[in-house]
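Here's the structure we're looking at; comments come further down.
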Amino acid sequence: MARLFGTDGVRGTANLELTAEIALELSMAAAHVLGEAGAFGSARRPVALVGRDTRASGEFLEAAVVAGLASAGVDVVRLGVIPTPGVANLVGQRDADLGVMLSASHNPMPDNGIKFFARGGVKLDDDIEDAIEERMTEVWLRPTGAGVGRVTDDPGAIEAYVAHLVASLGTDASLAGLKVVIDCANGAAHMTALAAFDAQGAQVIPLHAEPDGLNINHNCGSTHMGSLQAAVLEHGADLGIALDGDADRCLAVDHTGEIVDGDQILAIIALAMRADLTLHSDTVVATVMSNLGFLNAMRDAGIHVDQTKVGDRYVLEAMNANGFTLGGEQSGHVIMSEFATTGDGVLTALHLAARMVRTGKTLRELAGVMTRLPQVMINVPNVNKSRAGIDPVVNAAVSAEAKALGRNGRVLLRPSGTEPLVRVMVEAETAERAREVAERLVDVVRVRLSLEPVR
């Protein structure tokens, strides 16, 4: 049987792959693994916080999760619609035993997902996820009478989370005079993001902030930025912010309508933290997919980059293992460990805006710290991805192309984690050069890694 947990919780088409039955069983198993001591005999019953994004399916999945937790003897606090990092933060603030977020992040509306957080609001290690899966099939003694969990609502959850976001800026970080368009993706941050920026005095223009349960991420948010670019130009805004459905990532648009991606945002915040002496060991954690322009800019600034596999969980693991205070991905997941245990799009946006105010520079000027090199990525399907790093002909071709590109280019072959394909990524000084190199390597990969026996 395939592993239920993916790289970020359990995800699938709601009511087809992710059913109420699965949500119920998962939450009961999670109660046992994450809150077991309290569930079976300690003086204090374990407490779980449950939040969701705006998807219609989140309503019935929330009911299933709450029922599973309470039936296992866990007291449940429903937070309602709130960003994923808000659940993580409040688990820590409220000293809860676990947290559950119902969201499929940037995925289309029909999808949904279940993410768990342990004490302190941290994501689960693989072994904990495996333990939860194993418990799903076990018979257990159900509590009765006064032993079952109680369910309450927390109408102050958003207010508490917004207070945390605003406090992260310190006392001298007014955003007065800054005009900001915020694309909330009709998602979980449609109240939180607007409230946080408004509290700091910014002139806020909301965009896609009217969720109806069906329109989350639909032609909006961090994966569809055209309407945000147009709105920034229409309103003469200083800054545009694009969030995704659960607001754990942030991309931006400068006053000219140009997109500022996660690498550029990470570079801006890295320099700001280094100036404030809060960038531990002058190191930022990024993934192997970070643009070479980012790596060059950090090297020129004297900042070391520790690279990991793709996925914010791997970024966070490297940060926690070494005490690093900043990490992120090109997709806009930025983790500032002083204030968050996971990527937080609204937190990132606030600190980006504050940097603009403190320096008196436009976002375009700040983003100019790095020159983004053209990047071409081609997927090669139906190949033996396990041979991607060991085939001598492929390795020789990659080495030759990388050597020819030199400092102004880069080649990366990356097997997909879920499909029988290999991703060929090339960066070069021009898009044309990058595509030429990528297509040559694709031909080599297609022949050498064919599922047919290599001759």
message = Return the pair list, or none, for Cβ contacts closer than 6 Å from residues in the stretch 4-24 that are closer than 13 Å to ILE128 by Cα and in contact (Cβ under 8 Å) with a residue 24 or more places away in the chain to residues that are of a type in the set (Asp, Glu) and surrounded by 15 or more Cβ atoms within 10 Å (Cβ to Cβ), at least 6 apart or on different chains.
response = LEU4/GLU133; PHE5/GLU129
request  = From the list ASP53, ASP111, ASP127, pick out the single residue that is of a type in the set (D, E, K, R) and either modelled with pLDDT under 95 or in contact with a His (Cβ under 7 Å, 6 or more places away or on another chain) (or both).
outcome  = ASP127
request  = Among residues belonging to the stretch 384-398 that are assigned to a helix (DSSP H, G or I) and touching a Lys or Arg at 6+ places or on another chain (Cβ under 6 Å), point out the one that is nearest to GLY6 (Cα to Cα).
outcome  = VAL394
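Would it be correct to say that GLY170 is out of contact with any Cys (no Cβ under 9 Å at 6 or more places or on another chain), open to solvent by less than 60 Å² (accessible area, probe 1.4 Å) and over 27 Å from GLU62 (Cβ atoms)? First the steps, then the outcome.
Values: out of contact with any Cys (no Cβ under 9 Å at 6 or more places or on another chain): yes; open to solvent by less than 60 Å² (accessible area, probe 1.4 Å): yes; over 27 Å from GLU62 (Cβ atoms): yes.
Yes: the conditions hold for GLY170.
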key: Cross-chain or 6+ apart pairs with Cβ under 8 Å, the stretch 162-179 first and in contact (Cβ under 8 Å) with a residue 12 or more places away in the chain, then open to solvent by 60 Å² or more (accessible area, probe 1.4 Å) and acidic (Asp, Glu)   = SER168/GLU338
query = Only one residue in GLU419, GLU401, GLU427 is of a type in the set (Asp, Glu) and touching a Lys or Arg at 6+ places or on another chain (Cβ under 6 Å), so which one is that?
reply = GLU427
query = For the subset of the stretch 245-285 comprising residues that are free of Cβ contacts under 8 Å to residues at least 24 places away in the same chain and at negative phi, which member is most open to solvent (accessible area, probe 1.4 Å)?
reply = ASP276
remark   = Within the stretch 346-388, of all residues that are more than 22 Å from the chain's Cα centre (by Cα), open to solvent by less than 30 Å² (accessible area, probe 1.4 Å) and of a type in the set (Val, Ile, Thr), the one farthest from ARG435 (Cα to Cα) is VAL383
ask   = Assuming GLY293 fulfils every condition listed in (1) more than 30 Å from ALA202 (Cα to Cα); (2) at pLDDT 95 or above apart from one, which condition is it?
value = (2)
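The values are calculated or read from the model by the stated rules, or taken from the named source; none is laboratory data. Remember, predicted model here, so these are calculated numbers, not experimental data. Quick reminder, even Gly has a Cβ in these numbers, built from the backbone with ideal geometry, and neighbours come from all protein chains shown. Note: accessible area is taken over every heavy atom of the protein model, side chains too, but ligands, DNA and RNA are not part of it. Shrake-Rupley method; radii C 1.70, N 1.55, O 1.52, S 1.80 Å.
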